[in-house]
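Heads up, the thing below is written out as structure tokens.
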2 protein chains.
Amino acid sequence: MESTVNRIQSSLFRQKVTSAAEAATAIHPGDTVAISGFASAGTPKVVIPALADRIHAARGAGSNFTVNLLTGASVSTETERILAEVDGIALRMPYQSEATARRKINDGRMDYVDIHLSHVAQQVWEGYYGNVDVAVVEVAGVTESGELIPSASIGNNKTWLDVADRIILEVNSWVPAAMEGMHDVYYGTALPPNRKPLEITRVQDRIGQPTYRVDPAKVVAVVETNVPDSASELTEPDDVSLAIAGHVLDFFAHEVKAGRLPADTLLPLQAGIGNVANAVLGGLDRGGYRALTCYSEVIQDSMLRLIKDGAVAHASATSLALSAKGLAELTDNIDFYREHITLRPQEISNHPEVVRRLGIIAMNGMLEADIYGNVNSTHVMGTKIMNGIGGSGDFARNGYLSMFLSPSTAKGGAISSIVPMVPHVDHTEHDTQVLVTEQGLADLRGLSPRRRSQVVIDRCAHPEFRPLLHDYVARAQATPGIGHTPHLLGEAFSFHERFLATGSMLP
Amino acid sequence: MESTVNRIQSSLFRQKVTSAAEAATAIHPGDTVAISGFASAGTPKVVIPALADRIHAARGAGSNFTVNLLTGASVSTETERILAEVDGIALRMPYQSEATARRKINDGRMDYVDIHLSHVAQQVWEGYYGNVDVAVVEVAGVTESGELIPSASIGNNKTWLDVADRIILEVNSWVPAAMEGMHDVYYGTALPPNRKPLEITRVQDRIGQPTYRVDPAKVVAVVETNVPDSASELTEPDDVSLAIAGHVLDFFAHEVKAGRLPADTLLPLQAGIGNVANAVLGGLDRGGYRALTCYSEVIQDSMLRLIKDGAVAHASATSLALSAKGLAELTDNIDFYREHITLRPQEISNHPEVVRRLGIIAMNGMLEADIYGNVNSTHVMGTKIMNGIGGSGDFARNGYLSMFLSPSTAKGGAISSIVPMVPHVDHTEHDTQVLVTEQGLADLRGLSPRRRSQVVIDRCAHPEFRPLLHDYVARAQATPGIGHTPHLLGEAFSFHERFLATGSMLP
């Protein structure tokens, strides 16, 4: 292992090296704290636990200590959990996926604002979240001139470093030094009326610089670490995931044949996080595609294999969220992967301008869809938040094709992911073009609501739920004067109410 | 009045002049017909009535004759009505606002696809609506070299002329010849992967040309007309509209004071169609603003006065939908207005890239909002479509500020526009930042759902409905394990069900 001292080339920054506990004293009760991290990658490792200790001690001494916590997206589960466990977070934005924090949010004990990930940086710049007091940002190193080498995710770090009053850096020597050069940090964003076109026309285009800028006067502490990112463990694709992936691949082949997608390259792919997305991506090399590209938020394990195989020529994202095996593969072959991967700020990876221009094929998971194509990505039974909308809306609204994927049932068949009406809408009927379950694929493009309902039920719903859904639609359509989008308001949530009452959506 | 013959400078096109009845014979049963028109401006005047006659005659002779009808947005009510009356439309997209068509759609006798207006051109190019057989496009004239001078709206005309197999032109000499030069028709759009940045950084930037291109071999008929656009009549702002406008102006002043909006110019404004939007715009010169800009779909009467007064320096839109008085004002002062107005294709007026870059302040009407900020713009009581989503989503999602406006009640107080849950979602909680009724303004930025519900009820709901809404929220929040976004699924639509049963949302 190389010496940590080599990672801090600037003497100005070396003078600021201190302990995590000391650094955490720069964070005060009531502060708004913006930290690095996107999915499992790039979360600061030691200062937040030290902050949690301070909060715990303050609480023990009878004084209240909470902060508002801003991130890129989810951060490592350990970090999210320890702050939630000490009730240290007053307001959380823009995304989280950890069990303890989720429970506090659902109990109404933690404020949570769930927004499109492409909107975070601009909304903070616009002042919607007040002053940002402290940024805690993990980096891979500090150059001699005092610029910062990013670690395994970028997220909103550029913005946090720009807007925070005080900055704490964690310099993590576990991050491969050879990762330097993989990042493209764009400094051309601005508030209107001073915005310019983003000059990205291909996935691999670089418009920024490999490092973050920082005002050294704002840096109050530098903490040295050597701690791996927590791993994103994925299971091997199961039959359901493989069936979904198969339908997606068939659809791509169909679209190529119809002349609506380029044959060898398709269009840049975006896939959400998780096992289904991983299975779809993993199936792509069986489709015979060469020189595919990806423009997404997160790079998962399957992407590394596709790059190695030559199926994917270039992948752009804001985070490398890998399993332990994937992390080893990346670090062992970092010089190779650096040529095929570009990491960007999330305001660029998810930017509506770029998503629209590149013509992204957006594939995101969902909790449930209704018979007209409205999608619930966030709220179990309409009220309990799971994670958040993340970047799914950034890609679904502005992409070339907008696809939502899910197994047709959950909880051993007790829950149908196709329901009469979703009790929470994250993506409207105007924004969903294709729904896919292991049962099949519903192509909703150009269909009126009544036609959509038949296709969704027949292609995507589990056979056990189809008669119930058809019965609902038939009775809704038979209601005099019912209108364009037939519903029975008194029964629209009958599936959900039955589940809440009996533990199953089946009668 | 000038002679019509001057409007057709190309002899090639003069040879194709014929009657409307003859031209309409180029349209066959089952054709997909794309016509000009956006709001009340630029609808073809005579060929569609002639087509309706053909359809009526065919039906009388016992044969079926329907077409699929694609437009920019709504077209003149007469045109929409006559085709709907003869049951001539199989599929209609992307927007309509006429009573007879609405009834057929709600009865399930006309297929209707309600999509974001910025998506229309690309989806037709992508082939989602099959082949476009015929385009019927109104123009103001034909140049000597065979280019076409647009009339009072552009909409999707550039796309229709590009993709249609056969083209019928209506040359309308009622359109002021001096309107030439007001249009900016951009020919740089493409399907991915060949898209380039749109080089618009200010509202007045021009990136195209003043005329449409057309392949003369595709032009099967040219019909001469001299028919005014139907007028968009607006009522004088009532007290409710003026109160809403007052809250909006107060909010702008507050945002300027907070440093979140530029003082004299604000940011480019977008306002939906209708009396409330007209009242808000009409109030702007009382705010003391100079050199405002607008980047919107439609220019209404109030905009002409703002331009004349110097409050607005430049307005960009895709349609001039004016009252009879406004039409007279425009034509009498066309040389002045041409310098301050730019008309663009709707794929540019509503383009997410430009909307995000310019930092649009989006102000759109709504039917109702729920206590968490989800907005229903389209479906009365969740099932009966009113008009359609139009461009509201294009602006709301990607703008700098996303505001939705409505009186707090409808039907003489029987309907509350603030409800526990909207039974159809066009704009999600992630996309609405500010709700405004005559009661007040709810600023939802940075608020979690529970906080939002209090602000929405207290600021926007009519006092008669506040106790009912507070009671719903209190009981939902008190339900054990209810979650992040409290709802009682069995009562979520109780307001709507009561209205359907009794004619009032009040108990």
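The values are calculated or read from the model by the stated rules, or taken from the named source; none is laboratory data. The shown structure was predicted, so the numbers you read here are calculated from the model rather than taken from an experiment. Positions of Cβ are backbone-derived with ideal geometry, glycine not excepted, and every protein chain shown enters the neighbour counts.
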Is there a residue in the range B:307-323 that is within 19 Å of residue B:230 (Cβ to Cβ), surrounded by fewer than 24 Cβ atoms within 10 Å (Cβ to Cβ) and in contact with a Ser or Thr (Cβ under 8 Å, 6 or more places away or on another chain)?
-> yes
In the list A:57, A:52, A:26, which residue meets the criterion of being in contact with a strand residue (DSSP E or B) (Cβ under 7 Å, 6 or more places away or on another chain) and of a type outside the set (Phe, Trp, Tyr)?
-> A:26
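Considering only residues that are crowded, with 21+ Cβ neighbours inside 10 Å and assigned to a strand (DSSP E or B), which ones fall in the range B:201-218?
Step one: list which residues in the range B:201-218 are crowded, with 21+ Cβ neighbours inside 10 Å, which gives B:203, B:211-212, B:214.
Hit for the range B:201-218 is B:212, nothing else.
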Residue within the range A:265-282 that is touching an Asp or Glu at 6+ places or on another chain (Cβ under 7 Å) and under 17 Å from residue A:401 (Cα atoms) present | no
The strands (runs of 3 or more DSSP E) lying wholly within the range B:240-332 that contain at least 1 residues that are among the small types (Gly, Ala, Ser) are B:269-271, B:312-317
Yes or no: residue A:82 in a helix (DSSP H, G or I) and β-branched (Val, Ile, Thr)?
-> yes
Give me the pairs, please: first residue somewhere in the range B:351-362 and facing chain A (nearest Cβ under 8 Å) and closer than 15 Å to residue B:296 by Cβ, second residue anywhere and at pLDDT 95 or above and assigned to a strand (DSSP E or B), beta-carbon distance under 7 Å, and either six or more positions apart or on two chains.
-> B:358/B:295
Residue selected from the range A:462-507 under the condition assigned to a loop (DSSP other than H, G, I, E, B) and away from every other protein chain (no Cβ under 13 Å), by the criterion farthest from residue B:491 (Cα to Cα) = A:463
How many residues does the range A:139-158 hold that are over 22 Å from residue A:330 (Cβ atoms) and surrounded by 24 or more Cβ atoms within 10 Å (Cβ to Cβ)?
-> 3
Which one of the conditions (1) within 14 Å of chain A (Cβ to nearest Cβ); (2) touching a Leu at 6+ places or on another chain (Cβ under 9 Å) does residue B:436 fail to meet, given that it meets all the rest?
-> (1)
Meets criteria (assigned by the TED database to the domain that holds residue A:406 and modelled with pLDDT under 95) for residue A:245 | yes
Exactly one of A:238, A:285, A:264 is over 25 Å from residue B:192 (Cα atoms) and among the acidic types (Asp, Glu), and that residue is A:238
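Please find, within the range A:1-53, the residue that is modelled with the lowest pLDDT out of those that are charged (D, E, K, R) and surrounded by fewer than 19 Cβ atoms within 10 Å (Cβ to Cβ). Steps first, please.
From the range A:1-53, those charged (D, E, K, R) are A:2, A:7, A:14, A:16, A:22, A:31, A:45, A:53; that's our starting set.
Narrowing further to those that are surrounded by fewer than 19 Cβ atoms within 10 Å (Cβ to Cβ): A:2, A:14, A:22, A:53.
Values: A:2: 48, A:14: 97, A:22: 98, A:53: 98.
Across the range A:1-53, the extreme among qualifying residues is A:2.
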Residue within the range A:326-338 that is under 25 Å from residue B:127 (Cα atoms) and either surrounded by 22 or more Cβ atoms within 10 Å (Cβ to Cβ) or within 14 Å of chain B (Cβ to nearest Cβ) (or both) present = no
Report whether or not residue B:426 is within 22 Å of residue B:363 (Cα to Cα) and within 11 Å of chain A (Cβ to nearest Cβ).
-> yes
Hey, among the residues in the range B:373-391 that are at the interface with chain A (Cβ under 9 Å from one of its Cβ atoms) and within 19 Å of residue B:298 (Cα to Cα), which one's surrounded by the most Cβ atoms within 10 Å (Cβ to Cβ)?
-> B:378
So which residues in the range B:451-461 are in a helix (DSSP H, G or I) and either touching a residue at least 60 places away in the same chain (Cβ under 8 Å) or not basic (Lys, Arg) (or both), if there are any at all?
-> B:452, B:453, B:454, B:455, B:456, B:457, B:458, B:460
In the range A:392-405, is there at least one residue being within 14 Å of another protein chain (Cβ to nearest Cβ), under 18 Å from residue A:206 (Cα atoms), in contact with a strand residue (DSSP E or B) (Cβ under 6 Å, 6 or more places away or on another chain) and modelled with pLDDT of 95 or more?
-> no
Got at least one residue in the range A:240-257 being in contact with a strand residue (DSSP E or B) (Cβ under 8 Å, 6 or more places away or on another chain), closer than 30 Å to residue A:51 by Cα, away from chain B (no Cβ under 14 Å) and surrounded by 16 or more Cβ atoms within 10 Å (Cβ to Cβ)?
-> no
In the range A:207-240, which residues are of a type in the set (Asp, Glu) and more than 19 Å from residue A:170 (Cβ to Cβ)?
-> A:233, A:236, A:238, A:239
Does residue A:178 satisfy the criteria of being touching a Lys or Arg at 6+ places or on another chain (Cβ under 9 Å), buried (at least 19 other Cβ atoms within 10 Å of the Cβ) and in a helix (DSSP H, G or I)?
-> no
Provide a single number: the residues in the range B:10-25 that are without any contact (Cβ under 8 Å) to a residue 24 or more places away in the chain and part of a loop (DSSP other than H, G, I, E, B).
-> 1
Kindly indicate whether any position in the range B:420-438 is within 16 Å of the chain's Cα centre (by Cα) and closer than 20 Å to residue A:485 by Cβ.
-> yes
All but one of (1) of a type in the set (S, T, N, Q); (2) modelled with pLDDT of 95 or more; (3) surrounded by fewer than 16 Cβ atoms within 10 Å (Cβ to Cβ) hold for residue B:64; which doesn't?
-> (2)
Within the range A:187-211, considering residues that are hydroxyl-bearing (Ser, Thr, Tyr) and within 14 Å of chain B (Cβ to nearest Cβ), the one nearest to residue B:359 (Cα to Cα) | A:189
Mind listing whichever residues of the range B:415-456 are within 15 Å of residue B:494 (Cβ to Cβ) and not polar (S, T, N, Q)?
-> B:415, B:418, B:419, B:420, B:421, B:422, B:423
Do we have any residue at all in the range A:59-81 that's over 27 Å from the mean Cα position of the chain (by Cα) and of a type in the set (Lys, Arg)?
-> yes
From B:262, B:216, residue being over 26 Å from the mean Cα position of the chain (by Cα) and in the same structural domain as residue B:189 (by the TED database) | B:216
Regarding residue B:448, is this residue more than 10 Å from every other protein chain (Cβ to nearest Cβ) and modelled with pLDDT of 95 or more?
-> no
Filter the range A:258-296 for residues that are surrounded by fewer than 20 Cβ atoms within 10 Å (Cβ to Cβ) and among the hydrophobic types (A, V, I, L, M, F, W, C); which is nearest to the other protein chains (Cβ to nearest Cβ)?
-> A:258
